[in-house]
Amino acid sequence: MIDTRYALRMAAYNRWMNQSLYACAARLDDAQRREDRGAYFKSLHGTLEHLVFADALWIRRFKGESLDGLAPGQWLQAGFEAMRERREALDQEIAGWAATLSPDWLQADFHYYSVAYGRHYVRPAWLLVTHLFNHQAHHRGQATTLLMQSGIDPGATDLPAMDDL
């Protein structure tokens, strides 16, 4: 099982990596970011957008907030800078939420409904927190590949490469 230190470290890693990826993505123009490159979410913009959506969904679930108004693709027409601002605010929210976690909450069962799978789930909260951060890393890996295909090397992406350790 994970503890609160894990969530805090992963929230910091999430923020660090997102700052790097968005700085790299800013070097491309909008057409390049939105170009369909055959990725799961088609483009770099689509991949980054999916991460914003999924993180917003999970953090709302974890905080017991309504999911009203949160639908897949709702940021599809948003400009890059608006998405970047949303990402930064979301990363701050995730870090703040991680700082509130308790061992009891992490050990408890978490109940939620998945629109994607059309069913209710009960899973240990620690497992779902792990999923949140694993999901981010998975799709950021796709984003780094898309950046590399565009000739932009995002640099070090490994957790131990963070300077604050």
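Give all pairs with beta carbons closer than 7 Å in which a residue from region 55-71 that is part of a helix (DSSP H, G or I) meets a residue that is modelled with pLDDT of 95 or more and of a type in the set (Val, Ile, Thr); count only pairs at least 6 apart in sequence or on separate chains.
Asp55/Ile94; Ile59/Ile94
Between residues in region 85-114 that are under 30 Å from Ala26 (Cβ atoms) and in contact (Cβ under 8 Å) with a residue 24 or more places away in the chain and residues that are assigned to a helix (DSSP H, G or I) and among the basic types (Lys, Arg), which pairs lie under 7 Å by C-beta distance while being six or more apart or on different chains?
So the pair list comes out as Asp91/Arg15; Ala95/Arg15; Trp97/Lys63.
Say we look at region 27-40 and pick out the residues that are in contact (Cβ under 8 Å) with a residue 40 or more places away in the chain and in a loop (DSSP other than H, G, I, E, B); which of these is surrounded by the most Cβ atoms within 10 Å (Cβ to Cβ)?
At the first step, the residues of region 27-40 found to be in contact (Cβ under 8 Å) with a residue 40 or more places away in the chain are 27-28, 30, 32-33, 37, 39-40.
Okay, now just the ones that are also in a loop (DSSP other than H, G, I, E, B), so 27-28, 37, 40.
Values: Arg27: 12, Leu28: 19, Arg37: 17, Tyr40: 10.
By that ranking, first place goes to Leu28.
Could you go through region 120-130 and let me know if any residue there is within 22 Å of Glu49 (Cα to Cα) and either in contact with a strand residue (DSSP E or B) (Cβ under 7 Å, 6 or more places away or on another chain) or part of a loop (DSSP other than H, G, I, E, B) (or both). Don't jump to the end; show me each part of the working.
Taking region 120-130 first, the residues within 22 Å of Glu49 (Cα to Cα) are 128-130.
Within this subset, residues satisfying the condition of being either in contact with a strand residue (DSSP E or B) (Cβ under 7 Å, 6 or more places away or on another chain) or part of a loop (DSSP other than H, G, I, E, B) (or both) are 128.
Scanning region 120-130 turns up at least one residue that is within 22 Å of Glu49 (Cα to Cα) and either in contact with a strand residue (DSSP E or B) (Cβ under 7 Å, 6 or more places away or on another chain) or part of a loop (DSSP other than H, G, I, E, B) (or both).
Within region 1-26, can you find the residues that are free of Cβ contacts under 8 Å to residues at least 60 places away in the same chain and farther than 21 Å from Trp58 by Cβ?
Those that are free of Cβ contacts under 8 Å to residues at least 60 places away in the same chain and farther than 21 Å from Trp58 by Cβ: Ala23, Ala26.
Right, Thr144: modelled with pLDDT of 95 or more, hydroxyl-bearing (Ser, Thr, Tyr) and in contact with a helix residue (DSSP H, G or I) (Cβ under 9 Å, 6 or more places away or on another chain) or not? Spell out the reasoning first.
Numbers: modelled with pLDDT of 95 or more: yes; hydroxyl-bearing (Ser, Thr, Tyr): yes; in contact with a helix residue (DSSP H, G or I) (Cβ under 9 Å, 6 or more places away or on another chain): yes.
Yes.
Filter region 79-105 for residues that are surrounded by 14 or more Cβ atoms within 10 Å (Cβ to Cβ) and either in a loop (DSSP other than H, G, I, E, B) or in contact with a strand residue (DSSP E or B) (Cβ under 8 Å, 6 or more places away or on another chain) (or both) and give the result.
Listed by number, the list holds a single entry, Leu101.
Tally time: how many residues in region 108-154 are exposed (fewer than 11 other Cβ atoms within 10 Å of the Cβ) and of a type in the set (Gly, Ala, Ser)?
Number of matching residues: 3.
For the structure I just gave you, tell me whether Ala116 is at pLDDT below 95, under 23 Å from Leu48 (Cα atoms) and out of contact with any Lys or Arg (no Cβ under 6 Å at 6 or more places or on another chain). Break it down stepwise before answering.
Details: at pLDDT below 95: yes; under 23 Å from Leu48 (Cα atoms): yes; out of contact with any Lys or Arg (no Cβ under 6 Å at 6 or more places or on another chain): yes.
Yes.
Identify all residues within region 1-26 that are part of a helix (DSSP H, G or I) and over 22 Å from Val129 (Cβ atoms); write none if there are none.
So in region 1-26, the residues part of a helix (DSSP H, G or I) come out as 4-25.
Listed by number, the residues that qualify are Ser20, Tyr22, Ala23, Cys24, Ala25.
The values are calculated or read from the model by the stated rules, or taken from the named source; none is laboratory data. These figures come from a predicted structure and were not determined experimentally. Neighbour counts run over all protein chains shown; Cβ positions are idealised from the backbone, glycine included.
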